[in-house]
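The values are calculated or read from the model by the stated rules, or taken from the named source; none is laboratory data. Keep in mind that what you see is a predicted model, and the values were worked out from it rather than measured. Because the Cβ atoms are built from the backbone with ideal geometry, glycine has one as well, and the counts that use them run over all protein chains shown.
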Amino acid sequence: MPLGRRRFLQLTGLTGAAAAATPLLAACGGVQGASSSSGGGSSAGGTIKIGYVTPETGSLALFGQADSFVIGTMNSYFAKNGITVAGKKYGVDIVRKDSQSTDAQAAAVANQLILNDKVNLILVAGTPDTTNPVADACEANGVPCVSSVAPWQSYFIGRGGKPGATRATSSSFKWTYHFFWGLEDLEAVYLAEWAAIPTNKVIGGLWPNDSDGDAFAAKATGIPAAVDPKGYTVVDPGRYPDGTTDFSAQITDFKSHDCQIFAGVPIPPDFTTFWKQAAQQGYKPKIANVAKALLFPASVNALGDLGQNLSTECWWSPSHPFTSSLTGQTTKQVVDQFESSTKQQWTQPIGFAHALFEVANAALKASTSLTAADIAAALSTLKVSTIAGPLDWTSGPVPNVSKTPLTGAQWRQTPGGPYQYDLTIVVNPGHPDIPTGGTPEALT
């Protein structure tokens, strides 16, 4: 849904004389000169510019932890191969921007990529705080955009899209496309884990005042709508702001209702604060499903022994049976390369950052030209197998979305291993091709 002029100017920070002097509808970046400043190989056809936005700093920085590795891989690949569009081979210039973990900065750097760098296509990932303002800026300016790492409801409904009774009756965006799982997949994972551990079926929900929190807490379409018919009760103390330092009120509420199940979607530092305070104040659920915050080894390591058997969603791992359409590497080979070159433990966003460039490559190769309209048209019907799984924009729940598989996992301590914790897949509802490494265990 296009933004109004006032809202767009607020998001991008263009005001006064600067706004008057800047056209809202910028060209989608014509073909640049033959040289490339950030690693793409030159060719007779010129250079394609791809913008890339993630949170490299701030509270969501762990989502961008693997960016340097992935972009290095992509620069090497495109330097050798380029991208062929309509019979012409082009070099590739990847222009990287930091959203600084805020929606205002995400929109501002998207505006820079569109108006100053004149990119042909923008890629963005790292929660709705980053994907949504970037996608909105692209939709307003008529620039193709591919996003990921945000539940599709948080992305689509959070931007004003309206799912219909069928795909054909859903509203749609013209320039912006997304791939990731949805709340229905997370609910299936939660229910599979909860069925394995006896509880009183009372859930404490810790949902922040952001697009993810609103989507998760929605009574008609979120977690409550899925679990109520299964005999579960949700205790919801209300939205809280990111950066909260005292969760005593929520903990007291969960204790008074004997919430033996905990579910939340906090940012990483907020969950660290909450979980340590919960331990101090005697709140001890039997199972805790923590979306977003516990995706990363650094987050669970920060909890010390309090991290054992905490559950989180697992959307990519070295055991996923997928292969890169660009490099031909398996998930395990990419993980091994990452750990060998960075001396860090693998992290889930590696696969989806890599897949964003696979989608860009496939869409540009399928496009009949480098005009924005032709690139967007190629995206709208694109089918491509990626290291994140098979993607198909002709069969998603809504026109702009392609879904990816989701499993459930728990963090398990590994005494004597190379890392403090390993992520073990424990449930795989609907995806038997993704192997499990254990079964759900209660918190100790």
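Condition check for ASP392 on (1) touching a Lys or Arg at 6+ places or on another chain (Cβ under 7 Å); (2) farther than 23 Å from SER170 by Cα: one failure, at (2).
The set of residues in segment 280-313 being under 25 Å from ALA195 (Cα atoms) and in contact with a Pro (Cβ under 6 Å, 6 or more places away or on another chain) consists of ALA293 alone. Taking the listed residues ALA165, ALA196, ALA192, the one that is hydrophobic (A, V, I, L, M, F, W, C), more than 22 Å from VAL149 (Cβ to Cβ) and not assigned by TED's automatic domain parsing to the domain that holds PRO285 is ALA165, with no other qualifying. Looking at segment 364-371, is at least one residue in contact with a Phe, Trp or Tyr (Cβ under 7 Å, 6 or more places away or on another chain) and in contact (Cβ under 8 Å) with a residue 60 or more places away in the chain? Checked segment 364-371: no residue is in contact with a Phe, Trp or Tyr (Cβ under 7 Å, 6 or more places away or on another chain) and in contact (Cβ under 8 Å) with a residue 60 or more places away in the chain.
Conditions (1) assigned to a loop (DSSP other than H, G, I, E, B); (2) touching a residue at least 12 places away in the same chain (Cβ under 8 Å), marked per residue:
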position: PRO224; (1), (2): no, yes
position: PRO229; (1), (2): no, no
position: ASP242; (1), (2): yes, yes
position: CYS259; (1), (2): yes, yes
position: GLN277; (1), (2): no, yes
position: SER299; (1), (2): no, yes
position: THR312; (1), (2): no, yes
position: SER319; (1), (2): yes, yes
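Here is a yes/no grid of residues against (1) hydrophobic (A, V, I, L, M, F, W, C); (2) under 25 Å from the mean Cα position of the chain (by Cα); (3) in the same structural domain as PRO55 (by TED's automatic domain parsing):
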{"residue": "PHE78", "(1), (2), (3)": "yes, yes, yes"}
{"residue": "LYS88", "(1), (2), (3)": "no, no, yes"}
{"residue": "THR102", "(1), (2), (3)": "no, yes, yes"}
{"residue": "ALA108", "(1), (2), (3)": "yes, yes, yes"}
{"residue": "ASP117", "(1), (2), (3)": "no, yes, yes"}
{"residue": "LEU121", "(1), (2), (3)": "yes, yes, yes"}
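Among the residues of segment 84-103, those that are part of a loop (DSSP other than H, G, I, E, B) and crowded, with 23+ Cβ neighbours inside 10 Å comprise SER99, SER101.
Name the single residue that is nearest to LYS343 (Cα to Cα) among those in segment 418-444 being of a type in the set (Ser, Thr, Tyr) and in contact with a Lys or Arg (Cβ under 9 Å, 6 or more places away or on another chain). Step through it out loud before you land on a result.
Initially, segment 418-444 is screened for residues of a type in the set (Ser, Thr, Tyr), giving 419, 421, 424, 436, 439, 444.
Filter once more, so that each one left must be in contact with a Lys or Arg (Cβ under 9 Å, 6 or more places away or on another chain): 421, 424.
Values: TYR421: 15, THR424: 21 Å.
Per the criteria, the residue is TYR421.
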